[in-house]
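One structure is given here, and the rest of the page talks about it.
The values are calculated or read from the model by the stated rules, or taken from the named source; none is laboratory data. Owing to the predicted nature of the structure, the values given are computational and were not obtained by experimental measurement. When we count neighbours, we look across all protein chains shown, and the Cβ atoms used for this are built from the backbone with ideal geometry, even at glycine. Heads up: the accessible areas ignore ligands, DNA and RNA and are worked out on the full protein's heavy atoms, side chains in. Shrake-Rupley method; radii C 1.70, N 1.55, O 1.52, S 1.80 Å.
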Amino acid sequence: MKQLVRVAAALTAGVLFCATPAAAQQSSVLETVKSRGQLFCGVNTGLAGFGAPDDKGNWKGLDVDLCRAISAAIFKDPNKVKFVPLTAKERFTALQSGEIDVLSRNTTWTMSRDTSFGLSFAGINYYDGQGFMVKRSLGVVSAKELSGASICVQAGTTTEKNLADYFRSNKMEYKLVVFEKLPETIAAYNAGRCDSFTTDVSQLYAIRLTLGKADDHVVLPEIISKEPLGPVVRQGDPQWLNIVRWTLNAMLNAEELGVNQSNVDSMLNSDNPSIRRLLGKEDTFGAAIGLDNDWAFQIIKLVGNYGDSFARNVGAQSPLGIARGQNALWKDGGLQYAPPIR
Amino acid sequence: MATNPVRSAAVNRPRPVGPSGLNAITQWLHQNLFSSWGNTCLTLLGGALAYWVIAGFLDWAVWHAVYTGTDGSACDVVGAGACWPFISAKLQIFMYGRYPTEELWRVNLTYVLALVGLVPLMLPRVPGKIWLTAYMLLVFPVVAFFLLTGAEPLGLPVVPTSRWGGLLVTLVVACVSIAISFPLGIILALARRSDLPLIKWPAIFFIEFVRGVPLVMVLFFASVMLPLFLPEDLTINKLLRALIGVALFSAAYLAEVVRGGLQAIPRGQYEAAEALGLSYWKTMGFVILPQALKLVIPGIVNSFIALFKDTSLVLIIGLFDLLGIVQQAVASDAKWFSPQTAATGYVFAGFVFWIFCFGMSRYSAWLERRLATGHRS
């Protein structure tokens, strides 16, 4: 009843004064999260490897781990997160309206989204992009060998355009086999109507598992488009943006420095100044973002470094088995490059 | 005659199987299926089509189906049909969502309490229907609410609605919406036929507005727009938002169905009630509504069935009803990925929906027959 009265009062107030979310943003997000005792994190309604609840209702995935890491940095507990499953259509409004504090839901960072929605992207936790899958029996090991191939693609997507651009710029011929819906496209590829199938690589790996005899299909190493996925926050709170950004950076730096979930305790005694700064043994980087100095230690201890999270959710230790590829660290030939903590 | 055992047996049996029975069957076949060349062709064509569809389905669902296994690899066999172990492994999720296992008895108890009230109400000639109605309207909703959501003082841990899912959410949304929208629909229908503009016009406006927008939009508005107007610290439960949206939506449709029934009642009935000196509410309650509602049972049940199936739209605001949770399991559990996992999940969800909708439709048919006291030419 009390709730009902409050709702009625709030509704009236909202209608009368046209309350905007901006007006409600006086206190910082960090303070709100701390006083609430919980982080509200927007995730996918169910995408294998990135964000999905298991049978017991525990959320798991690469995007989910990022929220757990933020929770670990703030609360020293990876489980003080309420996961809000969101569809693609409602994700940005949920963030704008303050229903969630951070959106970690395989969202592509584009200029229009970054500049016109009142949102800020805090980094890139997965470099996705369009790739090709072929039957292993074809013996193809590179997309450059696909000249003259027939390629199955879903109609009316940017995928189709990227495909045309790639083949034209490489002066290769191809035969387009277009279908209206994704399941038809997959079925056609599986039935041998085309030599290759193209869509975003993360999706290719998931589809591969549904084809029967997953090992009969290979995902080629070439990536022909840019789909950088990352966490998003509301604009207007630089401290909160920093917390999310540096949570991701700390996970990446930890992997680069060889600090992982199992050795982080012994690493506390390391002489390496970079590791000492990361783990809060030197300087006061935690205070700069409003957190305790062991914030990064908690992240690595409770959630793991980026490599741990990748392997567990989408990589070698998961059914998906996605290769690190572009998501390898820069020193291993990938694109993951975090600014240093110093 | 009686000395011939074969003959007497055939006479005594309601459906004879002897030679005369065979004759009856061939005669029936001849009359109904093979009476002319055209009919014979159609029969053979239809039979072939039915065989093709049914045999194909049985092939998939029964003969070539996989029945045991602990993950998707068991179903990953060339030519394999339905992947039933996926359903049995996920059955709890499909039925209850992520409701904590040790608290499941609360959901089951709620179901039992609902059946205890509903079944006698739906059967004819059960004494004490007044008490049962009072129980269903006043006691049960309160008990069910605390059982499902929890009450710390009573030792029932709170289970947030974000952990509800599957058939539980489907039933909660459908039942609460039906319970709210039925009386609301009747009131709206009466209001729309009122002579007072202050009552009539708001009712017309509400009905026409709600009927004019898709349910998806109503849900979107409740889920996405509403929080924009509310202060940041106030969050109305998502499930509650969906409930209100679906209930209001179906009330508008029901109002029009009921209005159809009201208009079918002859003027003489109103005048007779007036002549007896009955007030407006007594006229409606004792004379008009019982007849009008009886007339529109098919329409009402039609609305309820549509509502039951519409509950699957709550998926778009991030609630997982039966269909939503099947979709989620199909898309997100890499352990169970196999060529037939998705199809198996959808067939299962469809079958559960069908059981409930078919049940409702049979009950309404039975109710119609039982209440058929007149108006039959």
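For the stretch A:121-254, the Kirkwood estimate of hydrodynamic radius, built from reciprocal distances between every pair of different alpha carbons, is 16.4 Å. One Cα centroid belongs to the stretch A:91-125, the other to the stretch A:171-240; the line between them spans 23 Å. Dipole size of the protein assembly as shown about its Cα centre, with +1 on Lys/Arg Cβ and -1 on Asp/Glu Cβ: approximately 2260 debye, rounded to the nearest 20.
Evaluating 6.51 cos²θ - 1.76 cosθ + 1.60 at θ = phi - 60° for every residue in the stretch B:305-315, the Karplus couplings come out as 5, 4, 4, 4, 6, 5, 4, 5, 6, 5, 4 Hz, glycine and proline recorded as x. Of the residues B:Val352, B:Leu367, B:Gly268, the one whose Cα sits farthest towards the positive end of the charge dipole of chain B is B:Gly268 (charges of +1 on Lys and Arg Cβ, -1 on Asp and Glu Cβ, taken about the Cα centre). For B:Lys335, the aspartates and glutamates whose Cα comes closer than 17 Å to its Cα, not counting residues fewer than 8 places off in the same chain, are A:Asp54, A:Asp55, A:Asp215, B:Asp71, B:Asp76. Taking amide H as placed 1.01 Å from N in the peptide plane, A:Gln261 has its amide H under 5 Å from the amide H of A:Asn305, each at least 5 places away in sequence or on another chain. Under 5 Å from the amide H of A:Val81 lie the amide H atoms of A:Leu39, each residue being 5 or more positions distant or on a separate chain, with H modelled from the backbone and absent for Pro and chain starts.
Working note: Karplus 6.51/-1.76/1.60 with θ = phi - 60° gives the stretch B:53-64 the couplings 5, 5, 5, x, 5, 4, 3, 6, 7, 10, 5, 9 Hz, where Gly and Pro are set to x.
Judged by a Cβ-Cβ distance under 4.7 Å, the unpaired cysteines of chain B are B:Cys41, B:Cys175, B:Cys357.
P(r) tail, the stretch A:224-326: Cα-Cα pairs separated by more than 21 Å, 41% of all pairs. Charges were assigned to the Cβ only: +1 to each Lys and Arg, -1 to each Asp and Glu. The resulting dipole of the stretch B:127-248 about its Cα centre is roughly 380 debye. Of all beta bridges that DSSP places with both ends in chain A, some 55 percent have antiparallel geometry. Using all pairs of distinct alpha-carbon atoms, the Kirkwood hydrodynamic radius of chain A works out to 21.8 angstrom. Its residues counted as N, the stretch A:53-199 yields a C-alpha radius of gyration over 2.2 N^0.38 Å of 1.35. Computed per residue of chain A from DSSP H runs no shorter than four, each worth -39500 (n - 2.57), the mean residue ellipticity at 222 nm is -11000 deg cm²/dmol. Just from its helices, what would the mean residue ellipticity at 222 nm be for chain B, if runs of 4 or more DSSP H residues each count -39500 (n - 2.57) and the sum is divided by every residue, rounded to the nearest 500 deg cm²/dmol? Calculated mean residue ellipticity at 222 nm is -21000 deg cm²/dmol. Per the Debye calculation on the stretch B:109-199 with a single equal scatterer at every Cα and no solvent contribution, log₁₀ I(q)/I(0) for q = 0.10, 0.16, 0.22 Å⁻¹ amounts to -0.39, -0.83, -1.15. Alpha-carbon geometry of chain B: the Rg and the Dmax are 26.7, 92 Å, given in that order. In the elastic network of chain B, a GNM with C-alpha springs shorter than 10 Å, the most mobile of B:Thr344, B:Thr149, B:Thr26 is B:Thr26. Positive-end ranking of A:Leu163, A:Thr210, B:Leu118 along the dipole of the protein assembly as shown, with charges on Cβ about the Cα centre, is headed by B:Leu118.
Convex hull volume per residue, computed on the Cα atoms of the protein assembly as shown, equals 259 Å³. Residue ranges A:35-43, B:323-331, A:67-75 sort as A:67-75, B:323-331, A:35-43 when ordered by packing (mean number of other C-beta atoms within 10 Å per residue, highest first). Distant-in-sequence amide contacts of A:Asp128, defined by a placed amide H-H separation under 5 Å and a gap of 5 or more residues or a different chain, comprise A:Glu227, A:Leu229. In order along the stretch A:137-144, the Karplus-derived 3J(HN,Hα) couplings, from 6.51 cos²θ - 1.76 cosθ + 1.60 at θ = phi - 60°, round to 5, 5, x, 8, 10, 9, 5, 5 Hz, and Gly and Pro are given as x. For the residue pairs A:Lys56/B:Lys238; A:Lys226/B:Lys90; A:Lys56/A:Lys135, the alpha carbons lie more than 27 Å apart in A:Lys226/B:Lys90; A:Lys56/A:Lys135. For the protein assembly as shown, the share of accessible area belonging to carbon and sulfur comes to 63 percent (1.4 Å probe, ligands and nucleic acids excluded).
Computed over Cα pairs, the Kirkwood radius of the stretch B:234-377 leads via Stokes-Einstein (0.692 mPa s, 37 °C) to a diffusion coefficient of 177 µm² per second. Taking every Cα-Cα distance in the stretch A:76-152 and sorting them into 5 Å bins starting at zero, the pair-distance distribution P(r) comes out as 3, 10, 18, 15, 12, 9, 9, 10, 9, 5, 1, 0 percent.
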